[in-house]
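Read through the structure below, which is laid out as structure tokens, and then see the notes.
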Amino acid sequence: MEVSQLKEIIENNLENKNFEFKRLFHGRGNFYDDYNFLTIDSIDKVLYVCFFDEVDESKEKSIISICKEIYENHGFNSLVLQRRYIDKAPCEVLEGVLSEQNIAIENELKYHIAFSNKNIGIFPDMKAGREYIRSISKDKNVLNLFSYTCAFSIVAIEGGASKVVNVDMAKGALTQGRANHHLNNHDTKKVQFMPYNILKSWSRIKKGGPYDIIIIDPPSFQRGSFAATKDYEKIIKKLKDLANDDCIVLSCLNAPELDSNFIKNIFKENAPEFVFEKRLENLDTFPTNNDEKTLKNLVFKKNNIV
């Protein structure tokens, strides 16, 4: 693909641009030849560019030149570049001025963004999952495992959940999650924040149950704490102790090397009472040449007849 085609794709995705978070270019799904290292996002007034691999200097200059044109022509206040292949993934402001406080907006809900972090605070590809949880949360007791900055908690409370329990071993992420609830004027009396290692804290987690909705959204691999290949089944084995009779589980995984059957088979072997219902469709703005190598959002429902 030529650089001119890259610009055309970005321009097309900028039609009807507003304040909502939108992916303008997604190369990570290997849909575009030679651009699998690149993502570009519109985050309100910030044009956010990520390089996941080092590329030759001329190609990098061409991409940055296009992004500067986009920045100038579409009313952005900042152009931010992050090199994810560098240790700690520093962000660089290439144009404009970056505000001290930055916010991403999705379906009118707000999330704090920290460009000083490797992961800035929200994963945009999970939008369909958040929309689904919001739609089913009315009067439900929700367990949000690997909650990170509590985006699922935000949508659950917005959807009318009676309670949400967020569990993540990163205290800083939970602190940001609490701030996200305050940003959306939520009553945090309905929200619990548990800074624990999930695999070692089942008795504490069980106290908040039984749960009507359980969200499992782990990293595919996090050194010293979680590896999907060996640890995912440990979570599924605990579901029967956590779930209400009609519990719905949203089981998520974004590991290219593991397909949907990896999750389905774990449920069949370790929690057969949970029946697979559907896979949520990914956003059109995240094209891929192989659905099984991208985000998997699988919905299971407890069936007590099994």
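The values are calculated or read from the model by the stated rules, or taken from the named source; none is laboratory data. What you see is a predicted model, and the numbers here were worked out from it, not measured in a lab. When we count neighbours, we look across all protein chains shown, and the Cβ atoms used for this are built from the backbone with ideal geometry, even at glycine. Quick note on the areas: whole protein, heavy atoms, side chains included, nothing else; ligands and nucleic acids left out. Shrake-Rupley method; radii C 1.70, N 1.55, O 1.52, S 1.80 Å.
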Sum of -39500 (n - 2.57) over DSSP H runs of 4+, divided by residues of the chain (222 nm, nearest 500)
-8500 deg cm²/dmol
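Quick one: grab the alpha carbon gyration tensor of segment 44-97, order the square roots of its eigenvalues as a ≥ b ≥ c, and give me rounded if a/c is under 1.5, else prolate or oblate depending on whether a/b is larger than b/c.
Oblate is the answer for segment 44-97, as a/c is 1.5 or above yet b/c matches or exceeds a/b.
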Relative contact order of segment 90-233, pairs being alpha-carbon contacts under 8 Å that are 6 or more residues apart, as %
21 percent
Expected max-MSF residue from TYR85, TYR132, TYR232 in the GNM of the chain (alpha carbon, under 10 Å) is TYR85
Output wanted: per-residue J couplings in Hz (rounded whole) for segment 265-272, from phi through Karplus 6.51 cos²θ - 1.76 cosθ + 1.60, θ = phi - 60°, x for Gly and Pro.
5, 4, 5, 4, 7, 10, 8, x
Loop-located trypsin sites (Lys or Arg not before Pro) in segment 109-140 whose Cβ has at most 12 other Cβ within 10 Å (DSSP):
LYS138
Bridge orientation stat for the chain from DSSP, antiparallel percent rounded to 5, came to 55 percent
Among SER116, SER153, SER220, whose mean-square fluctuation peaks in a Gaussian network model of the chain (Cα, cutoff 10 Å)?
SER116
Solvent-accessible area per residue for the chain at a 1.4 Å probe radius, Å²?
48 Å²
Under the rule rounded for a/c under 1.5, else prolate if a/b exceeds b/c, else oblate, using alpha carbon gyration tensor axes a ≥ b ≥ c, segment 110-221 is classed as rounded
At R0 = 22 Å, how high is the FRET efficiency between ILE64 and GLU15 if r is their beta carbon distance? Nearest 0.05 is fine.
0.45
Expressed in angstrom and rounded, the centroid-to-centroid distance over alpha carbons for segment 63-125 and segment 234-260 is 32 Å
Quick calc: nm separation of the 7 Å Cα→Cβ label points for ASN117 and SER201 -> 1.5 nm
Mean separation of Cα pairs under 8 Å and 6+ residues apart, divided by the residue count of the chain: what relative contact order is that in percent?
14 percent
Once all protein chains are kept in place, THR188 shows an accessible area at probe 1.4 Å, nearest 10 Å², of 30 Å²
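Does segment 1-136 classify as rounded, prolate or oblate by the C-alpha gyration tensor (a ≥ b ≥ c root eigenvalues; a/c under 1.5 gives rounded; else a/b over b/c gives prolate, otherwise oblate)?
Because its axes are fairly even, with a/c under 1.5, segment 1-136 counts as rounded.
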At 1.4 Å probe size, what's the solvent-accessible area of VAL275? Round to the nearest 10 Å².
60 Å²
Considering only protein heavy atoms, what is the solvent-accessible area of ASP33 at a probe of 1.4 Å, reported in Å² to the nearest 10?
110 Å²
Relative contact order of segment 211-306, please, whole-number percent, based on alpha carbon pairs below 8 angstrom and at least 6 residues apart.
34 percent
Too long at a 22 Å Cα-Cα cut-off: which of LYS163/LYS296; LYS163/LYS240; LYS200/LYS268; LYS110/LYS190; LYS200/LYS264; LYS127/LYS237?
LYS163/LYS296; LYS200/LYS268; LYS200/LYS264; LYS127/LYS237
